[in-house]
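Visitor: Got a structure for you, written out below as structure tokens; questions coming shortly.
The values are calculated or read from the model by the stated rules, or taken from the named source; none is laboratory data. Only a predicted model underlies this, so the values are computations on that prediction, with no experimental measurement involved. No Cβ is skipped: glycine too gets one built from the backbone with ideal geometry, and neighbour counts run over all protein chains shown. Protein only, heavy atoms only, side chains kept; ligands, DNA and RNA dropped before computing areas. Shrake-Rupley method; radii C 1.70, N 1.55, O 1.52, S 1.80 Å.
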Amino acid sequence: MQTPTRHSARGAARTLLLISALSAPMLAQGGAIELQGSGNEALLCSVEYTSHGGRHFVAFPAWNWVLPYGKTRYELGWLYAADNFDSPDFESLTLRCVRRDRVIVGEVPGSDEPSYSIELKRHDPLWKVPFGQGRWSRQLPRNGTRVSFRIGSTGLPLEPLRLVSMKIREDTIEPRGKLRYYVPANAYRLAIDETDDSGL
């Protein structure tokens, strides 16, 4: 059996402390999502999620600009945080974006504009973070946390956007740290949404 080094022990202790803080039931505020672009594109994005019972919610605001020079925040509302770092009522999160060449004040997506989305279900391996000594811990959006995504370009016409990076932290003015998810390069892409032609 290999003896853990002082450095790895300290790292595991810091990770455990952060995970404990992220899941503390005393945090009463709801969960939040942050989106940020990379490159020169202007994205108009929305965040949606479904509960374990199949209820569908749209985060506030419904649509907002996502740009490379700042983070755009979306409020998920109440997502119960269990003692084991879980969010029992959370089932999936969907990020949906429309691509624009510039910011237009007061705009919402037009019916003729293609949108691109990705759905991350609760058991997707992307939600796991390293937790010392080769172990992993699932970290879902929940009360008292904010999950930040950075979105970049792929150059592919039907899947033009991808998740570049992703992290979770306490939703406080001065968070004590963050946990980074492992996002494989080009693996998590936003694909074009199917259009509804039923009314034609």
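Visitor: Return the equivalent ellipsoid semi-axes of region 102-200 as a descending list in whole Å, where each equals the square root of 5 times an eigenvalue of the C-alpha gyration tensor.
Guide: 31, 17, 14
Visitor: Further question on the same structure: For region 123-181, with all protein chains present and a 1.4 Å probe, just round the carbon and sulfur fraction of the accessible area to a whole percent.
Guide: Accessible surface attributable to carbon and sulfur in region 123-181 totals 51 percent.
Visitor: Now for a different question. So how much slack lies between residue 174 and residue 128, counting 0.36 nm per residue of separation and subtracting their Cα-Cα distance, in nm?
Guide: Once the chain is fully extended between residue 174 and residue 128, it gains 14.2 nm.
Visitor: Can you tally the net charge around residue 163? Count Lys and Arg as +1, Asp and Glu as -1, for every other residue whose Cβ sits under 9 Å from the Cβ of residue 163.
Guide: So the environment of residue 163 carries a net charge of +3.
Visitor: Evaluate E = 1/(1 + (r/R0)^6) for residue 154 and residue 52, where r is the Cβ-Cβ distance and R0 equals 25 Å; express this FRET efficiency to the nearest 0.05.
Guide: The computed FRET efficiency comes out at 0.20.
Visitor: Please give the per residue volume of the convex hull enclosing the alpha carbon atoms of region 56-155, rounded to a whole number of Å³.
Guide: 151 Å³
Visitor: Rolling a 1.4 angstrom probe over the protein heavy atoms, how many square angstrom per residue are accessible across region 73-196?
Guide: In whole numbers, region 73-196 has 53 Å² accessible per residue.
Visitor: Short version: ³J(HN,Hα) in whole Hz for each residue of region 183-188, in order, from phi by Karplus 6.51 cos²θ - 1.76 cosθ + 1.60 (θ = phi - 60°), x for Gly and Pro, what are they?
Guide: 10, x, 4, 6, 8, 10
Visitor: Please report, as a whole percent, how much of the solvent-accessible surface of region 57-111 comes from carbon and sulfur atoms (probe radius 1.4 Å).
Guide: 57 percent
Visitor: Please work out the FRET efficiency for the pair residue 182 and residue 113, using the Cβ-Cβ distance as r and a Förster radius of 41 Å; give the result to the nearest 0.05.
Guide: For R0 = 41 Å, the calculated efficiency reads 0.80.
Visitor: Let me ask another. Using the Cα centre as the reference, give the magnitude of the dipole from point charges on the C-beta atoms of region 60-155 (Lys, Arg: +1; Asp, Glu: -1; all else neutral), rounded to the nearest 20 debye.
Guide: My answer is approximately 420 debye.
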